[in-house]
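The values are calculated or read from the model by the stated rules, or taken from the named source; none is laboratory data. What you are looking at is a predicted structure, and each value in this text was computed from that prediction instead of being measured. All Cβ positions, even for glycine, are placed from backbone atoms using ideal geometry, and neighbour counts span all protein chains on display. Quick note on the areas: whole protein, heavy atoms, side chains included, nothing else; ligands and nucleic acids left out. Shrake-Rupley method; radii C 1.70, N 1.55, O 1.52, S 1.80 Å.
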Amino acid sequence: MTTPGDVLAGLNDDQRHAAEAVRGPVCILAGAGSGKTTTIVRRIAHQVASGAFGAGEILAVTFTDKAAGEMRGRLAALGIEGVRARTFHSAALAQVRALSDEPPGQILPSKGVALRQIANTLPKPYRFRPAADLAAEIEWAKNRRITPERYEAALAGHEPPIPADLMVNVYRRYERGKSDRGLVDFEDLLERAIVMFQTDDDARERFAARYRAFTVDEYQDVNLLQETLLRAWLGERDDLCVVGDDYQSIYGFTGASPEYLLDMPARIARTKVVRLEANYRSTPQVLELANRLVPSLGGARKVLRATRGDGPEPVLRMFSSDADEAAWLVERVRALHDDGVAYEDVAVLYRVNFRSEDYEQAFADAGIPFQVRDGAFLTRQTARRMLTALARSDATDVAALVRRLAERAGWVEEPPDGLGEQELTRQNDLGRFVRLAEEFDDGTRTGADFARDVEARFGTGEDARGVNLLTLHRAKGLEFEAVFLPRVEEGELPFRRAKSPDAIAEERRLLYVGITRAKTHVALSWVADGRRKGSRFVGELRPAGDGAAARRDPVAAPVAGGPVLDALKAWRRARAGDDGVPAYVVFHDATLAAIAARRPRDLADLASVSGVGPAKLQRYGDEVLGVVTRAADGDER
């Protein structure tokens, strides 16, 4: 029989503190590499072993089927069987099937096919937009519970992948076509469950009798749709444990927000907050670099502490050309391999998918094995279609042939600004084919010869082993002995479409996630050639007092300060004390700095500051305006 002592063995003090809190609301703020999965698994096991709840009374929610399976496996290893560990979508489907009189309908496995048919009817300039961009936009809306009728009014600065009037028409046609065929998508499952619990007393009572305690992993990644379902599950109860790290909140494009994690102590009375800051993954040198971003990350301050011994210093390196940067990266990877680091334990992380091509080519030319985690160049749809068209061609004017095929597919030599990542990847893939064809064309070889040459050069794909090539988003949750982050540049990281303060903040968190994937070796690099320059984040990573470095990279954003910010912090400290909540729950440091810099004159002006939502505006707005007015008047005198 499993005992509480069995499940608590080996935990550090903070982990044990969290695991012992088996009743009531618990918010675990878990830094990168701090053993969060171990902690929540042990807490669930302790809930059962201590008799607080039966295993069948607990519902644990994760974001992937793989994570749910891992949780069940870990619980089984501790002798705990019967806990339901599911994703939001699988839980909602099971609940609708079990509790509703109305069947959920057939699930649409992918939006792509339906949206491709709709996209083919768009006006010509937009006809080639990838269905994935349109699907992502519809999910952006549905995860925020925005219907087609409210879509245009709800954009509020958000840029759709095609003009808003066309996008709302696509959205309406998608919803109508789905309904006509009796289909539901994954977002519909959550909406069905929410409506069921709101309108069906019997379903609500049967569910409440079954599940009494809830755990949500990666809580910084929940969106409004998921949060609404979670609150329907809870009702008036508060036996909820959430775990997450707002510093790793990088899915804003899906509607995810760290605010639900950060605001939990203010939202649910008696919430116990536990911080996990002991890092078991990285050397002190890697963590020191990551921690330099902390003052600008806002949120719940967490400074990671290393439990490992010393390692090499991180590398920050500037180059004058892409070729020099790629050559250096290949050389460093080969040197690490010679020193005993397996290729499979090295990762190259980049911001957007199409960058894989640069490193695929560099490693292929150097004879270094690699694997592409996000879809290699030749596995992407654009490349597959081009190769199919070229495979049987006996034309010897290869460059002209490929250019014609690319232009027919919608390629333009200079893509416009504002493209979504999928379309930007597609444009770059087509452009890569054009450039490769120009290099290949000698007037004697055919289109079919070119297709074979491209496959020979870029054929190493997802089934291969070797250096890991993947995006920063895909790297979350993974770890590697050595991590390289090339092209840490303005327009790349932060990405060119990131223009609002919230978007820039998410890009900074992406860099933080990238750095904290490294166990021992981490290197950041960028090109400065007159047209390009290092990212503003490079300035934040420089050691304090490195004046020369600041002069070389004058791109760090200034931080607002002065009497207004001091007064706001003093007010926040007092208000947090009165409310009995941590200071960050009132406002984050970054939000206070933005308010101090703007010095809003009225509630409408204050509402335009990133981080001041409707709830905070109603709760604190008048007080904040008073503090700003008094401090600003004193400053001017």
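Below is a table of values for the structure above.
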quantity	calculated
Those residues of region 99-140 which are open to solvent by 60 Å² or more (accessible area, probe 1.4 Å) and among the aliphatic types (A, V, I, L, M), in sequence order	VAL113
Residues that are touching a residue at least 40 places away in the same chain (Cβ under 8 Å) and open to solvent by 50 Å² or more (accessible area, probe 1.4 Å), drawn from region 167-180	ARG173
Given (1) open to solvent by 60 Å² or more (accessible area, probe 1.4 Å); (2) within 28 Å of the chain's Cα centre (by Cα); (3) within 16 Å of ASP358 (Cβ to Cβ), number of the condition GLU313 does not satisfy	(3)
Any hit, region 44-65, residues being part of a helix (DSSP H, G or I), closer than 23 Å to ASP221 by Cα and touching an Asp or Glu at 6+ places or on another chain (Cβ under 9 Å)	no
Matching residues in region 230-253 - criterion: being closer than 23 Å to LYS476 by Cβ and either out of contact with any Pro (no Cβ under 8 Å at 6 or more places or on another chain) or hydrophobic (A, V, I, L, M, F, W, C) (or both)	LEU230, CYS241, VAL242, VAL243, ASP245, TYR247, GLN248, ILE250, TYR251, GLY252, PHE253
Positions within region 233-264 being of a type in the set (Val, Ile, Thr) and open to solvent by 10 Å² or more (accessible area, probe 1.4 Å), in sequence order	THR254
Failed item, numbered, when ARG267 is tested on (1) within 19 Å of ALA475 (Cβ to Cβ); (2) surrounded by fewer than 17 Cβ atoms within 10 Å (Cβ to Cβ); (3) not polar (S, T, N, Q)	(1)
Complete set of residues in region 158-215 that are more than 30 Å from GLY82 (Cα to Cα) and acidic (Asp, Glu)	GLU159, ASP165, GLU175, ASP180
Matching entry among HIS46, HIS89 (being over 23 Å from the mean Cα position of the chain (by Cα) and either farther than 30 Å from LEU289 by Cα or open to solvent by less than 40 Å² (accessible area, probe 1.4 Å) (or both))	HIS46
Output for region 378-425, where each listed residue is open to solvent by less than 30 Å² (accessible area, probe 1.4 Å), modelled with pLDDT under 85 and outside any loop (DSSP other than H, G, I, E, B)	LEU378, THR382, ALA383, GLU423, LEU424, THR425
Residue in region 230-240 that is without any contact (Cβ under 8 Å) to a residue 40 or more places away in the chain and of a type in the set (A, V, I, L, M, F, W, C) present	yes
Unmet requirement for GLU331, which otherwise passes all of (1) over 29 Å from GLU421 (Cβ atoms); (2) in a helix (DSSP H, G or I); (3) touching a strand residue (DSSP E or B) at 6+ places or on another chain (Cβ under 6 Å)	(3)
Unmet criterion (only one of (1) open to solvent by less than 60 Å² (accessible area, probe 1.4 Å); (2) under 25 Å from GLY621 (Cβ atoms); (3) at pLDDT 85 or above) for VAL513	(2)
Odd one out for GLU288, checked against (1) open to solvent by 40 Å² or more (accessible area, probe 1.4 Å); (2) more than 20 Å from THR516 (Cα to Cα); (3) modelled with pLDDT of 90 or more; (4) part of a helix (DSSP H, G or I)	(2)
ARG210 vs. criteria surrounded by 15 or more Cβ atoms within 10 Å (Cβ to Cβ), over 30 Å from the mean Cα position of the chain (by Cα) and more than 28 Å from ALA136 (Cβ to Cβ)	no
Of all residues making up region 463-518, the number that are on the phi < 0 side of the Ramachandran plot and in a strand (DSSP E or B)	15
Extreme residue, most open to solvent (accessible area, probe 1.4 Å), among residues of region 332-345 that are closer than 21 Å to ARG457 by Cα and either without any contact (Cβ under 8 Å) to a residue 24 or more places away in the chain or not acidic (Asp, Glu) (or both)	ARG334
Within region 1-17, considering residues that are open to solvent by 80 Å² or more (accessible area, probe 1.4 Å) and outside any helix (DSSP H, G or I), the one nearest to ILE80 (Cα to Cα)	MET1
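Residue by residue, here is whether (1) touching a strand residue (DSSP E or B) at 6+ places or on another chain (Cβ under 7 Å); (2) under 25 Å from GLY24 (Cα atoms) holds:
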{"residue": "TYR171", "(1), (2)": "no, no"}
{"residue": "LEU189", "(1), (2)": "no, no"}
{"residue": "TYR211", "(1), (2)": "yes, yes"}
{"residue": "TYR219", "(1), (2)": "yes, yes"}
{"residue": "GLN226", "(1), (2)": "no, yes"}
{"residue": "ARG231", "(1), (2)": "no, yes"}
{"residue": "PHE253", "(1), (2)": "no, no"}
{"residue": "PRO265", "(1), (2)": "yes, yes"}
